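The values are calculated or read from the model by the stated rules, or taken from the named source; none is laboratory data. This structure is a prediction, so every number in the text was calculated from the model and none was measured. Positions of Cβ are generated from backbone atoms using ideal geometry, with glycine treated the same way; all protein chains shown enter the neighbour counts.
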Amino acid sequence: MKRGFQVVSTKENQGLHLPQRQTSQAAGYDFEASEDFVLPSIWKGNFLKALWHLHQAQTLSADELAAADKCLKPYLVPTGIKAYMQPGEYLLLANRSSGPLKRRLILPNGVGIVDADYYNNDANEGEIFFQLVNYGLTDYHIKKGERIGQGIFMSYLTADDEQAPTAQRTGGFGSTKK
């Protein structure tokens, strides 16, 4: 087994599909949402109020700014899928072209990186989530099985004089941050 996909054990009997390429020359494997999910529009509530106050050159309290900023927080949309790969490889997560164009959904960090050691980690078994923001005017209802992003297996290079890290992954999503 060199690289591929599996359904995480907690979702094995839920009828999920493994990511697939849609054409013979497609680089990306399309991922589907593992459940219905509502992505709220960023243009609701506190964010719009804060923009209005800023436009009017009014100051906002720290609490008002925090409430507005919370509306911009991305949501983690579950796929129920994990990926295995060789050392020296990673899975790049990217928007599908239809995400921003037709549905107003984006990955706020541009791309996601799934490291090889994320597979079968103790925290979440390596389940892949797509971090999405809805910049459309209304909430977007993702249906189970809807394609939400794509993954592309890639190789990476290391620097000549690198002191190779010896730390082992101890958690799931975002666990390598300091």
Practice prompt. Could you look through segment 69-97, keep only residues that are free of Cβ contacts under 8 Å to residues at least 40 places away in the same chain and under 25 Å from Arg21 (Cα atoms), and pick out the one that is nearest to the chain's Cα centre (by Cα)?
Written response: Ser97
Worksheet item: Can you list the strands (runs of 3 or more DSSP E) found entirely within segment 10-114 that contain at least 1 residues being acidic (Asp, Glu)?
Response: 29-32, 89-94
Discussion item. Which condition from (1) within 25 Å of Gly145 (Cβ to Cβ); (2) surrounded by fewer than 18 Cβ atoms within 10 Å (Cβ to Cβ) is the one that Thr79 breaks?
Written reply: (2)
Worksheet entry | Only one of Glu146, Glu125 that is at positive phi, touching a strand residue (DSSP E or B) at 6+ places or on another chain (Cβ under 7 Å), modelled with pLDDT of 90 or more and acidic (Asp, Glu) | Glu125
Worksheet entry | Residues that are surrounded by fewer than 16 Cβ atoms within 10 Å (Cβ to Cβ) and touching a residue at least 12 places away in the same chain (Cβ under 8 Å), drawn from segment 47-68 | Lys49, Leu51, Glu64, Leu65
Response to the item:
In segment 114-141, anything of a type outside the set (Ser, Thr, Tyr) and under 17 Å from Lys44 (Cβ atoms) is listed as Leu132, Val133, Asn134, Gly136, Leu137, Asp139, His141
Practice prompt. Select from segment 64-84 the residues that are charged (D, E, K, R) and in contact with a helix residue (DSSP H, G or I) (Cβ under 9 Å, 6 or more places away or on another chain) and write down the one among them that is farthest from Asn109 (Cα to Cα).
Written response: Glu64
Fill in: Residue, farthest from Ser97 (Cα to Cα), within segment 39-49, restricted to residues that are out of contact with any Gly (no Cβ under 6 Å at 6 or more places or on another chain) and modelled with pLDDT of 85 or more
Trp43
Worksheet item: For Asp36, which of the numbered conditions (1) within 18 Å of Gly4 (Cβ to Cβ); (2) modelled with pLDDT of 95 or more fails to hold?
Response: (1)
Discussion item. Which residue is surrounded by the fewest Cβ atoms within 10 Å (Cβ to Cβ), if the candidates are limited to segment 115-132 and must be within 15 Å of the chain's Cα centre (by Cα) and assigned to a loop (DSSP other than H, G, I, E, B)?
Written reply: Asn124
